[in-house]
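A.B. asks: Below is a structure I'd like to ask you about.
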Amino acid sequence: MEPRNFDGGADRPKAARGDTGRVLVIGPYKRVRRGDPDATTVAHGVRNPEARLEEAAGLARAIDLTVVEAVLVPLSEIRPATYLGKGKVEEMIGLIKANQIDLVVMDCALSPVQQRNLEKEWNAKVLDRTGLILEIFGRRAKTREGALQVELAHLNYQRSRLVRSWTHLERQRGGFGFMGGPGETQIEADRRLIGDRISRIESELKKVQATRRLHRAGRQRVPYRVVALVGYTNAGKSTLFNRLTRADVQAADMLFATLDPTLRALTLPHGGKAMLSDTVGFISDLPTMLVAAFRATLEEVIEADVILHVRDISHEDAEAQQHDVEGVLRQLGIDPDSGQRILEVWNKVDRFDEEGRANLMNIAARRSSERPCFPVSAVTGEGIDALLAAIEDRLAATRVTLDLSIDASDGAGISWLHRNAEVLDKHLENGRFAMTVRVDETKRDITIAKFGAVPSAH
């Protein structure tokens, strides 16, 4: 059977994308024995294999693939040629033929050689975890920036997987003399073209980064702080984003429902404003090329004043997911143990029964004040007020509150304060404005010198 093409192109007709083939998902997970260092050093050492396999099947369904069967394959060792052992490879041949499988998804990272060998053995297209995640990102990217970032990651992935499929561009002779060697082969031409395209995309992404820096500089001139949402995919970030900002960002019970970053205004309990950023969800074994490609987007997280780590606390692998997210944060240069900057949000508490909820609240109450957590339900709104109050406290912790008195005729000075500070209180007394403002530490001395302000007693 000729395998169908799963290139995930966004420009294909919708009807052609509706039925994308019959898929077999294989979870080839290495057995972790007691005493094995992987059991403690790798997050997968504590991850439930069945949950990992279901996640892989969910990734396949996220791009409308029809998952016919999902098979768990415990491994004692990884084979260099085919990843699986010879017996398992042959066993899968029967399963693939019996179910008329078009595509096999291997929930692991395959080398180019392993991928080609399996495709020859099974006579079906084989996609590894990295390729599958790239397909999803390619389908979901809506903005120009997102499309560029996905294409960059895809090209870096493809460059190592080019195979010599035709030789019509190969020259038999070239160079000087009678014995000139072969000229440029097709695979060399493909690599050169991919390299050129990568260079162009990287140049365009540098412009995107420059534009984002300008936007951030503009927000820094205005007293708006940035709060960023991070978390495992399908942890409920977009639902929480909608709850906090009353926005209508797409929120669905699927992996990677949101890909493109979104910024909305967040109103704090005492009337202050902040900018809330919803970012792409993380996942275990997130391809490093995707982390690199999406760095322009994730700069919103790097530069954020407060980071909300949203966790699906009802998930059976919640702890392993936490480790995966923290691993990506470390790749971005963010210390996940920085309690002053990161607030842990335990989402989906509405899924617990009364006893489970009481137990969860007790655990949260016993957490150290340096690493607090906030049980919430983005669906029902439970715990949202406490979370907003904590966000406001964290944002205020790095700012100074000042009392000052300004002549009512000093329009330029009052305008400067509204641009560079957060005005908490303002009322007219005997022709002068008594104002209480909150400013960054960096602008404290400037404000005092300009207006003779004094630290507030509030």
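Just so you know, all these numbers are worked out from the coordinates, no wet-lab data involved. All values derive from a computational prediction rather than experimental measurement. Using ideal geometry, Cβ is built from the backbone for each residue, glycine included, and neighbour counts are taken over all protein chains shown.
A.B. asks: List the lysines whose alpha-carbon lies under 27 Å from that of LYS207, not counting same-chain residues fewer than 8 positions away?
C.D. replies: LYS142
A.B. asks: Amide H to amide H under 5 Å from THR262: which residues, 5+ apart in sequence or cross-chain, H placed 1.01 Å off N in plane?
C.D. replies: The answer is ASP278.
A.B. asks: Relative to 2.2 N^0.38 Å, what does the C-alpha radius of gyration of region 399-455 come to as a ratio? Two decimals please. Don't skip to the end; give the middle numbers.
C.D. replies: Working: Rg = 10.2 Å, N = 57, 2.2 N^0.38 = 10.2 Å.
Rg over 2.2 N^0.38 Å, computed on Cα atoms: 1.00.
A.B. asks: Taking a threshold of 18 Å on the Cα-Cα distance, which of the pairs LYS237/LYS273; LYS86/LYS120; LYS206/LYS237; LYS30/LYS125; LYS30/LYS120 fall above it?
C.D. replies: Details: LYS237/LYS273 20 Å; LYS86/LYS120 13 Å; LYS206/LYS237 28 Å; LYS30/LYS125 23 Å; LYS30/LYS120 24 Å.
The answer is LYS237/LYS273; LYS206/LYS237; LYS30/LYS125; LYS30/LYS120.
A.B. asks: What are the ³J(HN,Hα) couplings of region 83-90, residue after residue, when phi is run through the Karplus curve with 6.51, -1.76, 1.60 and θ = phi - 60°? Round to Hz, x for glycine and proline.
C.D. replies: My calculation for region 83-90 gives 6, 8, x, 4, x, 5, 4, 5 Hz in order.
A.B. asks: Through the Karplus equation 6.51 cos²θ - 1.76 cosθ + 1.60, θ set to phi - 60°, convert the phi angles of region 418-431 into ³J(HN,Hα) values in whole Hz; use x for Gly and Pro.
C.D. replies: 5, 7, 10, 9, 9, 7, 8, 8, 7, 8, 8, 9, 6, x
A.B. asks: Under 5 Å between amide hydrogens, which residues at least 5 positions from LEU84 or on another chain qualify, with H placed 1.01 Å from N in the peptide plane?
C.D. replies: Result for LEU84 returns ARG79.
A.B. asks: Would you mind getting me the FRET efficiency between GLU77 and ASN359? Use the beta-carbon distance for r and R0 = 51 Å, nearest 0.05.
C.D. replies: Values: r = 40 Å, r/R0 = 0.79.
With a Förster radius of 51 Å, E is 0.80.
A.B. asks: Once you order the gyration tensor axes a ≥ b ≥ c over the Cα atoms, which shape class does region 22-127 get: rounded for a/c under 1.5, otherwise prolate or oblate by comparing a/b with b/c? Could you put the intermediate results ahead of the total?
C.D. replies: Working: a/c = 2.06, a/b = 1.39, b/c = 1.49.
Oblate.
A.B. asks: Could you run the Karplus curve 6.51 cos²θ - 1.76 cosθ + 1.60 with θ = phi - 60° over region 319-325 and give me ³J(HN,Hα) per residue in whole Hz, x for Gly and Pro?
C.D. replies: 5, 5, 4, 4, 4, 5, 5
A.B. asks: While we're here: Work out how much length GLN331 to ARG61 would gain on full extension: take 0.36 nm times their residue separation and subtract the Cα-Cα distance, in nm to one decimal.
C.D. replies: On the way: separation 270, 0.36 × 270 = 97.20 nm, distance 2.84 nm.
Extra length from GLN331 to ARG61 when fully extended: 94.4 nm.
A.B. asks: Arranged from highest to lowest average of other beta-carbon atoms within 10 Å per residue, in what order do the peptides 356-367, 123-134, 413-424, 428-439 appear?
C.D. replies: Values: 356-367: 12.7, 123-134: 21.8, 413-424: 17.6, 428-439: 15.4.
Listed from highest to lowest mean packing, they are 123-134, 413-424, 428-439, 356-367.
A.B. asks: What is the packing order of peptides 309-319, 231-241, 392-402, taking the mean over residues of other C-beta atoms within 10 Å and listing the highest first?
C.D. replies: Numbers: 309-319: 19.5, 231-241: 25.2, 392-402: 17.6.
Descending mean neighbour count gives 231-241, 309-319, 392-402.
A.B. asks: If I take R0 = 60 Å and measure r between the Cβ atoms of VAL291 and ASN430 in this structure, what FRET efficiency does the formula 1/(1 + (r/R0)^6) give, to the nearest 0.05?
C.D. replies: Values: r = 59 Å, r/R0 = 0.98.
Computed FRET efficiency for VAL291 and ASN430: 0.55.
A.B. asks: Pairs of Cα atoms under 8 Å, at least six residues apart: use those to get the relative contact order of region 73-161, whole percent. Before the final figure, lay out the partial values.
C.D. replies: Details: 69 pairs, mean separation 21.7, N = 89.
24 percent.
A.B. asks: Additional query: List the residues, sorted by chain then number, that are 5 or more residues from ARG371 or on another chain and whose placed amide H is less than 5 Å from its amide H.
C.D. replies: none
A.B. asks: Would you work out if region 303-458 is rounded, prolate or oblate? Take a ≥ b ≥ c from the square roots of the eigenvalues of the alpha-carbon gyration tensor; rounded if a/c is under 1.5, else prolate when a/b is larger than b/c, oblate otherwise.
C.D. replies: Numbers: a/c = 3.50, a/b = 2.28, b/c = 1.53.
Prolate is the answer for region 303-458, as a/c is 1.5 or above and a/b outweighs b/c.
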